[in-house]
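Take a look at the structure set out below.
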Amino acid sequence: MNKAITEGLALLPPKFSQGLNLWSREDGLTGQGSYLGQPNAAFVPNDQDFGGCMELEKTSSTQKLRCFQSIPFQPGLYLQVTIKLKILSGAFCSVRIAGWAESTSGANVTAADQIGPSVALTAYGEVVTIRAIIGSGNRTGVDMIWGTAPVLGHFGLDLTGSNGAVVRIDDVEIEDVSSIFHSVQFDWVDVRDFGAIGNGVADDKAAFDAADVAASGKRVIVPPGTYFIGSNLTIDNPVQFEGTLTMAAATRLALVSNYDLENYTAAMGSELEGFKKALQALFYFTDHVELSLNGRRVELTAPIDVAVLAGLTDFAQRRVISNGQIAALTGAAWTDAVTTSTATYNTSNEAVLTNVVNVNAILVGARVTGTGVGREVYVRAKDVPAGTVTLSNPLFGGSVSNRSYTFTRHRYMLDFSGFNGLSKFELKNLEIMGGGYCSCVMLPKEGQRFVIQDCVINKPKDKGITSIYQGCQDLHVLNCECISNESELPAQNRISTLMNVNANDAKIRHNRAVRFGTTAVMAGGGHMFAGNHFFQGDDFSGGVRRGSIILTEANCKVFITGNYIDNSTIEWGNEHDNFPNFGSEFHFGALTITGNTFTVQGVAPGFRWIILKPYGTNHSIQGLSVIGNVFRTVNATIDRVEAVDTTFATLDYASFKNVTFEANSFNGVTQPTASPIMIQHVQATAADTWIVDSSDYLPFGSRARNVEAVTFEGAVKNTSNATQYVMPYTANEQGSGGKFAHLKFGTPVSGTAWVTLRCDNPV
């Protein structure tokens with residue numbers, strides 16, 4: 001690069017032959033004295049070494065020589081000043097290149113280095129060449145660092161030391177040597193050319209800004225060093241880091257053309273700090289919506305509070321973290337914070353604990369456990385002055401004063417709970433490795449469509465994906481591999497939960513979850529489970545199997561279709577209901593279980609795949625379809641596939657409506673379940689009442705509520721063996737438990753009938 005050529009800069013000062021009036025005996029400023037007519041200065045036209053030159057006697061302690069001509073200067077320009085001279089007589093002195101740096105206002109830039117290295121003159125008549133390079137950047141080989149403030153310079157030399165020396169000075173040469181510091185192609189700019197110091201103390205923000213502006217599509221080079229950046233920095237052009245940045249946690253770095261982990265790692269000197277800065281920037285500029293980890297691994301030593309990192313509490317634009325691995329390293333930062341306290345609960349204020357002792361010690365996001373508390377209830381807010389804690393879900397245990405509760409705040413690798421609202425955030429193609437040290441992802445308090453797709457949730461200590469309020473609305477968990485940290489434990493000893501949901505419309509599709517204590521605790525409704533494999537078995541014979549899908553809303557609007565439910569159960573209850581007894585709400589209903597494969601091995605006969613658990617009285621089922629499923633045992637035989645857990649209450653069987661169990665396959669199941677069920681009744685002895693036994697076929701031990709159809713096989717005959725053309729009426733819910741239907745004839749008859757019974761009434 002030669003700006004004298006490329007930009008037409010006039011760099012050469014006048015020759016001495018043009019007149020000594022063009023040369024200043026001060027700083028070269030207009031109005032200052034020249035050397036014209038001075039007794040100690042003369043022009044020598046025919047020196048044997050120099051031709052035309054200036055002869056100067058040193059009469060001042062610092063004898064200055066500066067050209068009046070203003071030499072242009074700018075960032076990225078490197079000037080070499082070269083002067084040849086010789087001492088003829090008098091006391092030996094020293095010489096140095098010198099200049100005067102001028103700002104846009106005409107003032108002197110005192111921060112600029114305005115004198116070069118000093119050279120001693122030690123022999124008469126010896127031609128000595130002195131040089132100095134003046135440039136904006138702190139570059140190797142630069143003798144006088146001017147920074148970015150000067151725009152003009154007046155160059156020459158100083159004679160220092162003893163007076164009396166007579167020297168002859170050849171014409172001053174100034175040349176552009178920028179090519180020494182830039183590539184031949186000049187496809188980049190260097191931040192040092194714009195004043196960056198790189199000592200980790202001086203604020204280099206302005207230099208980076210200037211370099212970025214000057215780059216105009218070229219690369220910005222950050223050479224070795226530590227560059228302190230005191231305020232938010234955006235670099236629009238491509239950037240290459242050899243040195244590193246040091247920045248406050250709240251100071252943002254936006255690499256617009258290099259937005260990925262690799263470049264942030266180079267900028268910050270570590271993958272962890274680079275990841276934090278890149279994640280922070282993800283919320284602040286729109287050129288990129290996706291942070292790629294470039295297939296790299298980021299190791300966390302402590303939780304990342306994403307809202308604190310971003311400095312935001314609400315965000316609703318799509319953002320993505322993708323393509324890499326995030327792993328937790330062991331350390332004290334992952335230790336759970338556990339607080340035990342007493343509080344009062346009133347069912348009329350369904351989601352609030354009052355009179356909470358030591359409420360200040362309870363952390364938002366803590367899981368609440370205690371008598372009357374359902375699974376996966378969390379602290380979503382607290383009010384210290386009021387002594388209250390607001391919960392993610394109501395408690396089923398009724399109003400109570402001064403009950404003891406435990407509040408456990410698990411630690412999460414990516415903790416989004418500081419966001420009051422965060423929507424359209426996605427984690428894609430990531431492996432999130434808890435390593436048994438911590439939990440993985442905590443969702444924001446509120447928001448919609450948080451997506452976790454094509455990820456591996458690997459060995460969380462307690463929780464994989466946690467919702468503490470409504471940030472799980474329209475949650476998508478898609479194509480994920482989820483691996484428990486408790487695989488070697490008996491199933492009944494596991495405590496981990498892969499995920500929980502409080503809001504509506506979660507889509508859980510095509511995932512594989514292996515050996516968690518519980519796979520999914522689902523409050524809210526409108527959820528979809530499709531194409532998943534949930535496996536919770538163990539290697540112990542006669543093992544206990546626990547809930548895989550836990551539905552906590554009675555009228556849940558859920559379909560469970562095409563899944564592999566392996567050594568685990570579907571449990572359906574209303575444990576997040578502050579009035580668990582049936583009142584004016586909907587009954588248990590709106591659940592569809594179709595086309596799934598259920599399997600279990602090595603269990604006791606009492607195992608059940610589908611368990612209905614009412615937490616209060618007078619509930620019924622009004623809307624359940626269990627159709628086209630396969631139930632199969634391995635090395636075990638079980639009594640039946642479904643049951644009612646009567647720990648708190650049983651069901652109102654007289655109110656069943658729209659309950660269908662049909663077209664299912666049963667293998668290793670003693671008593672299949674069906675409704676409607678077609679039963680062949682053979683009446684060998686003529687009777688006017690045929691007693692048809694449902695024989696425990698009907699689901700959940702329910703009653704023979706209706707006879708849907710009666711078809712006779714062959715003739716119906718009276719006691720005289722004469723064929724009778726008669727049709728009975730029916731009496732339902734007869735006998736012990738109402739499990740029988742009676743066919744009533746006007747006369748005693750015998751024969752064979754196919755009777756279709758149902759456990760419900762029509763809608």
Query raised in the report: For the peptides 442-450, 308-316, what is the packing order when you average, over each peptide's residues, the other Cβ atoms within 10 Å and list the highest mean first?
Result: 442-450, 308-316
Query - Pairwise FRET efficiency - residue 127 versus residue 36, Cβ, R0 = 35 Å, nearest 0.05 - result: 0.85
Query raised in the report: In terms of Cα to Cα distance under 17 Å, which aspartates and glutamates are near enough to residue 218, apart from those fewer than 8 places away along the same chain?
Result: 187, 190, 193, 209, 236, 242
Query - Local net charge near residue 406, Cβ-Cβ under 13 Å (Lys/Arg +1, Asp/Glu -1) - result: +2
Query - DSSP-assigned coil residues among GluC sites (Glu not before Pro) in the stretch 528-623, each with at most 13 further Cβ atoms within 10 Å - result: 585
Query - Helix 271-282 axis, angle to the chain major axis (alpha carbon atoms, nearest 10°) - result: 80
**Report entry** Test item: Cα-centred dipole of the chain, Lys/Arg +1 and Asp/Glu -1 on Cβ, debye
**Finding:** 1600
**Report entry** Centroid-to-centroid separation of the stretch 159-215 and the stretch 99-120 [C-alpha atoms, Å]
**Finding:** 12
**Report entry** Fewest-first sequence of 292, 675 by Cβ atoms within 10 Å of each Cβ
**Finding:** 292, 675
Query raised in the report: What order do you get for 556, 482 when you list them from fewest to most C-beta neighbours inside 10 Å?
Result: 556, 482
Query raised in the report: Share of antiparallel DSSP beta bridges in the chain, in percent to the nearest 5?
Result: 45
Query - Hull volume in cubic angstrom per residue (convex hull over the Cα atoms of the stretch 188-288) - result: 79
Report summary line: Using alpha-carbon positions, the gyration tensor of the stretch 679-763 gives root eigenvalues a ≥ b ≥ c; with a/c under 1.5 called rounded, otherwise prolate if a/b exceeds b/c, else oblate, the class is prolate
Report summary line: Among the stretch 620-649, those whose backbone N falls under 17 Å of a label point 7 Å along Cα→Cβ from residue 400 are 647-649
Report task. Within the set of other residues whose C-beta is less than 10 Å from the C-beta of residue 428, count the net charge using Lys and Arg as +1 and Asp and Glu as -1. Result -> -3
Report summary line: Candidates for Cα extents along the principal axes in Å are [x] 87, 70, 54; [y] 159, 55, 43; [z] 81, 70, 60, and the calculated one carries label [y]
Report summary line: So, over other residues within a Cβ distance under 14 Å of residue 215, counting Lys, Arg +1 and Asp, Glu -1, the net charge is -3
**Report entry** Separation of alpha-carbon centers, the stretch 635-668 and the stretch 514-530, rounded to whole Å
**Finding:** 20
Report summary line: Loop-resident chymotrypsin sites (Phe, Trp or Tyr not before Pro) in the stretch 700-729 with no more than 12 other Cβ atoms inside 10 Å, DSSP not H/G/I/E/B, are 725
Report summary line: Partner aspartates and glutamates whose C-alpha sits under 16 Å from that of residue 717, ignoring same-chain residues fewer than 8 away, are 688
Requested in this report: Provide 426, 376 in ascending order of the number of other Cβ atoms located within 10 Å of each residue's Cβ, fewest first.
Outcome: 426, 376
Query raised in the report: Expressed as cubic angstrom per residue, what is the convex hull volume of the alpha carbon set of the stretch 430-551?
Result: 86
Query raised in the report: Calculated from DSSP H runs of 4 or more alone, at -39500 (n - 2.57) each and per residue, what is the 222 nm mean residue ellipticity of the chain, nearest 500?
Result: -1500 deg cm²/dmol
Requested in this report: Run down the lysines and flag those whose C-alpha is under 16 Å from the C-alpha of residue 15, throwing out any fewer than 8 positions away in its chain.
Outcome: 84
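FYI, it's all coordinate maths here, none of it is from the lab. Fair warning: this is a prediction, and the values are worked out from it, not measured in the lab. Virtual Cβ from ideal backbone geometry, glycine too; neighbours counted across all protein chains shown.
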